[in-house]
Amino acid sequence: QETGGSVDNMKLINSDEADLGLSTVDSAYDAIKGQGAYADTGPIPACTLAVLYNSFVHVVASEASGINSVEDMKGKTVSVGSAGSSTEGAADRILEAAGLDPKADISRQNLSVNDSAAAMKDGKIDAFFWIGGLPTSAVTDLVTTGNVKVKFIPTAQYVAPMTEKYGPVYTEFALPAGTYPGFDQDIPGIGIGNILFNSASMNEQLAYDIVKTMFDNLDDVQQSHPAARELSLETAVQGSSIPFHPGAIRFYQEQGVWPQ
């Protein structure tokens, strides 16, 4: 089932409307703490089954906007992602780290990545944020078929202040050269891990079986999306912001990859 993203997924797990979900690690951390977008639900008892891949925080601006840094967004029309999404949460934190008020200093739009790309093509927005795997098709489409020239705004310098304030959920992560046509240099940015998660109340054997089945069929999983090629037994246990489920831990221990 397609949802609005990490926040929706966590709330579906919490209400027993879903058994498994995907989340960025910053949103998952907020969920178990009952903070940010989860202030209304309180702490959600979620557990990690696997760390799947890193998402890149895309910060895209039109050449015509004159935006060369996040600080330059003051007074500009900016989409911060869908309302309540993990993209919106990260966008607000990046804007704050750049010394801007996310509510007052920009003309704020809440658009999906597809709508953001379309709005930029139409000249309706100056910049947008998007957290996604590499490459994201809507961004590829924008840079290859749009009539507007765009640039990627560096954000790696904000990792340190964001980590100090929000915990170890953001990493320096470069957008590799060649990811998007016409961009032949690495762009220093922010990476956010993505996890497969479940409820802490899931039966241990079921959680074990889910993780085992995923890795028994790893070739098929990796063919499902370019970002899935990052998944391995070694990376699956690294970088989560919330505890692993006991069933998952047992599987990784048997495989000899669980950190001692």
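Quick rundown of the values:
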item	result
Cα-Cα over 20 Å, subset of Lys121/Lys151; Lys74/Lys151; Lys103/Lys124; Lys76/Lys149; Lys33/Lys212	Lys33/Lys212
The stretch 55-192 - share of DSSP beta bridges that are antiparallel (%, nearest 5)	75
Distance-filtered residues of the stretch 32-66 - backbone nitrogen under 14 Å, label point 7 angstrom along Lys165 Cα→Cβ	36
Projected label distance in nm at Thr235 and Asp186, using a 7 Å step from Cα toward the beta-carbon	1.6
Cut-off 13 Å between beta-carbons: net charge of the residues surrounding Leu49, Lys and Arg +1, Asp and Glu -1	-1
Estimated distance in nm for a label pair at Thr145 and Gln35, the labels positioned 7 Å out from Cα along Cα-to-Cβ	4.2
At R0 = 30 Å, FRET efficiency that the Cβ-Cβ distance of Asp19 and Asn114 yields, to 0.05	0.60
Candidates Ser224, Ser199, Ser85, ranked by Gaussian network fluctuation over the chain, Cα under 10 Å, top entry	Ser224
Convex hull per residue volume in Å³, alpha carbons only, for the chain	126
Order of Trp130, Trp258 under a 10 Å beta carbon neighbour criterion, fewest first	Trp258, Trp130
Computed Kirkwood radius, in angstrom, where 1/r is averaged over Cα pairs of the stretch 55-192	14.6
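Rule-based calculations on the coordinates, nothing more; no lab input. Remember, predicted model here, so these are calculated numbers, not experimental data. Because the Cβ atoms are built from the backbone with ideal geometry, glycine has one as well, and the counts that use them run over all protein chains shown.
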